[in-house]
Amino acid sequence: MAMETMEQTDWNYADVWEAVADAQPDTTALTQGDHRLTWSEMDHRADGIGRWLLGLGVGHQDKVALYLYNCPEYLEGLFGALKVGLVPVNTNYRYADDELVYLWDNADAVAVVFHGTFT
């Protein structure tokens with residue numbers, strides 16, 4: 001059986017989320033308990049994260065670790081990183097210090113988006 005060659009495209013997941021935000025801006029995108037965000041709000045917050053990372057000097061295809069709980073901010077960080085062409089690196093919040101150092105060093109992470117309890 002012959003393998004098909006996959007065509008390269010210029011889209012990424014952020015493009016899909018942006019299309020949904022444009023088509024359904026006032027529809028709820030995230031819910032956590034009583035906290036709700038619309039697609040428009042999530043898109044705006046992700047833009048802010050992406051701009052913040054670029055302002056720090058993070059460049060195209062750089063790796064950014066996401067060290068967050070399972071929360072809306074995780075998805076906002078993921079969306080924000082993808083929107084500006086960064087590579088998100090998932091980080092389990094249960095990792096010990098030596099595991100964090102190994103993961104982030106091995107991934108060549110240049111920045112970490114983290115929850116304040118991890119400072």
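When a 1.4 Å probe is rolled over the protein heavy atoms, the share of accessible surface on the chain that falls to carbon and sulfur comes to 51 percent.
Taking each residue as 0.36 nm, the span from Thr28 to Tyr95 lengthens on full extension beyond its C-alpha to C-alpha distance by 20.9 nm. Note that region 60-71 has calculated 3J(HN,Hα) couplings of 3, 6, 5, 8, 10, 7, 10, 10, 9, 6, 6, 8 Hz, one per residue in order, obtained from phi through the Karplus relation 6.51 cos²θ - 1.76 cosθ + 1.60 (θ = phi - 60°); glycine and proline are x.
DSSP beta bridges fully contained in the chain are about 30 percent antiparallel. Put simply, when 104-115, 23-34 are sorted by average Cβ atoms within 10 angstrom per residue, most first, you get 104-115, 23-34. Averaging 1/r over every pair of different alpha carbons in the chain and inverting the result gives a Kirkwood radius of 15.6 Å. Note on the chain: with charges restricted to the Cβ of Lys and Arg (+1) and Asp and Glu (-1), its dipole about the Cα centre is near 260 debye.
Only DSSP H runs of four or more residues enter the estimate; each adds -39500 (n - 2.57), and after division by the residues of the chain the mean residue ellipticity at 222 nm equals -13500 deg cm²/dmol. Backbone geometry of region 18-28 corresponds, through the Karplus equation with coefficients 6.51, -1.76 and 1.60 at θ = phi - 60°, to 3J(HN,Hα) couplings of 5, 5, 5, 4, 5, 7, 9, x, 9, 7, 5 Hz, x marking Gly and Pro. Under 5 Å from the amide H of Lys63 lie the amide H atoms of Val87, Val110, each residue being 5 or more positions distant or on a separate chain, with H modelled from the backbone and absent for Pro and chain starts. Sequence-ordered 3J(HN,Hα) estimates for region 93-110 from the Karplus curve with 6.51, -1.76 and 1.60 and θ = phi - 60° stand at 5, 8, 5, 7, 3, 5, 5, 4, 4, 4, 4, 5, 5, 5, 7, 6, 5, 9 Hz, glycine and proline given as x.
Compute the Cα gyration tensor for region 69-119, then decide on rounded, prolate or oblate, letting a ≥ b ≥ c be the square roots of its eigenvalues: rounded whenever a/c is under 1.5, prolate when a/b is larger than b/c in the other cases, and oblate in all that remain. It is oblate, given that a/c is not under 1.5 and a/b is not larger than b/c.
Ligands, DNA and RNA are left out, and with a 1.4 angstrom probe the accessible area of the chain is 68 Å² per residue.
Our summary gives the chain a relative contact order of 25 percent, counting only alpha carbon pairs under 8 angstrom and 6 or more residues apart.
The values are calculated or read from the model by the stated rules, or taken from the named source; none is laboratory data. The structure displayed is predicted, hence computed values, not measured ones. Positions of Cβ are backbone-derived with ideal geometry, glycine not excepted, and every protein chain shown enters the neighbour counts. Accessible surface is based on the protein model in full, side chains and every heavy atom, while ligands, DNA and RNA are left aside. Shrake-Rupley method; radii C 1.70, N 1.55, O 1.52, S 1.80 Å.
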